[in-house]
Amino acid sequence: MTPAIRPLYDRVLVKRLESEQMSAGGIIIPDTAQEKTLIGAVIATGEGKVMTDGTIRPLKVKSGDQILFGKFSGTEIKLGGQEYLMLREEELLGIVENK
């Protein structure tokens, strides 16, 4: 279900991806001991960044992209019982490419 919110300008709505439940050695990690993942899926984007001359530069990410973001980036919001992050495009560190 897609949330009923559309980010403005250069903002991006992101849903964190689930973190691994098991360590490399096979030990199950409880939810209370897990760190939040720094990879998420782009759910929705704004129309772009407004430049000083008034033009709008389109965002480099699009809905469905997997992105990497900083540990303390964005604003956490809850919509329809789900947790999301609202980030500015400049807070994104990169696009995760699955090959």
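The values are calculated or read from the model by the stated rules, or taken from the named source; none is laboratory data. What you are looking at is a predicted structure, and each value in this text was computed from that prediction instead of being measured. Note: ideal-geometry Cβ built from the backbone for every residue, glycine included; neighbour counts use all protein chains shown. Protein only, heavy atoms only, side chains kept; ligands, DNA and RNA dropped before computing areas. Shrake-Rupley method; radii C 1.70, N 1.55, O 1.52, S 1.80 Å.
Among all residue pairs at least 6 apart or on different chains, which show Cβ distances below 8 Å where the first residue, located in the stretch 76-99, is outside any strand (DSSP E or B) and the second is of a type in the set (A, V, I, L, M, F, W, C) and open to solvent by less than 70 Å² (accessible area, probe 1.4 Å)?
E89/V12; E89/L59; E89/V61; E91/F69
Which number in (1) surrounded by fewer than 15 Cβ atoms within 10 Å (Cβ to Cβ); (2) modelled with pLDDT of 85 or more marks the one condition that E35 misses?
(2)
List the residue pairs whose Cβ atoms are under 8 Å apart, where the first residue sits in the stretch 1-30 and is part of a strand (DSSP E or B) and open to solvent by 70 Å² or more (accessible area, probe 1.4 Å), the second is among the polar types (S, T, N, Q) and modelled with pLDDT of 75 or more, and the two are 6 or more positions apart or on different chains.
These pairs meet every condition: R11/T45.
I need the full set of residues from the stretch 51-99 which are surrounded by 14 or more Cβ atoms within 10 Å (Cβ to Cβ) and in contact with a Phe, Trp or Tyr (Cβ under 8 Å, 6 or more places away or on another chain), in order please.
Listed by number, the residues that qualify are L85, L87, E91, L92.
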